[in-house]
Amino acid sequence: MGMKCRFKGALIGAVMWLMALVGPSVAQGAPVCLPSDQVYAQLARDFHEARRFTGLREDGTLIEIWVSALSGSWTLLLTTPQRVSCLVLVGQSGDVGTAVSGHR
């Protein structure tokens, strides 16, 4: 199996794991939701993040992961078909380009 396929498999696994976490976290507290264009501009301008992953849920909600190559910050958004993006999770030390040692 090629490196690209292994990376894609690891990324999909990580997103599935995050999705399992997202359900309860959204239900327990009100996420911050704003028009998508405003959220995208702020992530790019203030955090130097770029969208690195998108996935579409059956209900039309878009799952987005934004990552900064400069700082390693990352943001997980849920975006509605009405173009409203909700901040779900944020973190540090994000790196989409390399595999984590010991994980497949």
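The values are calculated or read from the model by the stated rules, or taken from the named source; none is laboratory data. What you see is a predicted model; the values in this text were computed from it and never measured. With ideal geometry, Cβ positions are generated from the backbone for all residues, glycine too; neighbour counts draw on all protein chains shown.
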Just to be sure I understand the filter: pairs with C-beta atoms under 9 Å, separated by 6 or more residues or on different chains, first member in segment 77-104 and under 28 Å from residue 60 (Cα atoms), second member among the aromatic types (Phe, Trp, Tyr) and at pLDDT below 65. Which pairs pass? 96/7; 97/7
Inspect all residues belonging to segment 90-97 and state whether any of them is modelled with pLDDT under 95 and hydrophobic (A, V, I, L, M, F, W, C). yes
Starting from residues that are surrounded by 15 or more Cβ atoms within 10 Å (Cβ to Cβ) and in contact with a Leu (Cβ under 7 Å, 6 or more places away or on another chain), keep the ones in segment 32-60 and report whichever is nearest to residue 94 (Cα to Cα). 49
Search segment 43-57 for residues that are in contact (Cβ under 8 Å) with a residue 40 or more places away in the chain and pair each with any residue that is surrounded by fewer than 16 Cβ atoms within 10 Å (Cβ to Cβ) and outside any helix (DSSP H, G or I) when their beta-carbon atoms are under 6 Å apart and the residues are at least 6 apart or on different chains. 52/96
